[in-house]
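Let me begin by presenting the structure, written as structure tokens, before commenting on it.
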Amino acid sequence: MDFARKLKPYLHGIIVSASYPLNTCTLEGINNKIKLIKRMGYGYRDIDYFFLKIKAAFPGKPR
């Protein structure tokens, strides 16, 4: 009973987590690829070109 009482404030989060299992592996992969582009393009003078390189690295449907 004590354990259940301690979990009660977190019940909503537990249910949502079980209903919609999300992980961060895709996001971590994207972050690592952006860091790689940044390292390869050290010294870009134009920030717009940097963002174009990032957009080119991730083709897909725009949201």
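Each reported figure results from applying straightforward, stated rules to the coordinates on display, with no laboratory input. Just so it is clear, the structure is predicted and the values come from calculations on it, not from any experiment. Cβ: placed from backbone, ideal geometry, glycine included. Neighbour counts: every protein chain shown.
Worth a mention:
- The simple Förster model, with R0 at 25 Å and r as the Cβ-Cβ distance, assigns LEU7 and GLU28 a FRET efficiency of 0.30.
- Helices that extend 30 Å or more along their long axis by alpha-carbon positions and average at least 0.5 on the Kyte-Doolittle scale are absent among the DSSP H runs of the chain.
- Counted charge near ILE30, where neighbours are those whose Cβ lies closer than 13 Å (Asp, Glu -1; Lys, Arg +1): +3
- Along the chain, the longest continuous region that contains none of the chymotrypsin sites (Phe, Trp or Tyr not before Pro) in a DSSP loop with at most 15 other C-beta atoms within 10 Å is 1-41.
- You can think of it this way: the chain between TYR42 and ALA18 has 4.4 nm of extra reach, that is 0.36 nm per residue less the Cα-Cα gap.
- The per residue volume of the convex hull around the alpha-carbon atoms of the chain is 152 Å³.
- Eligible lysines near LYS55 by straight Cα distance, threshold 22 Å, same-chain separation 8 or greater: LYS33, LYS35, LYS38
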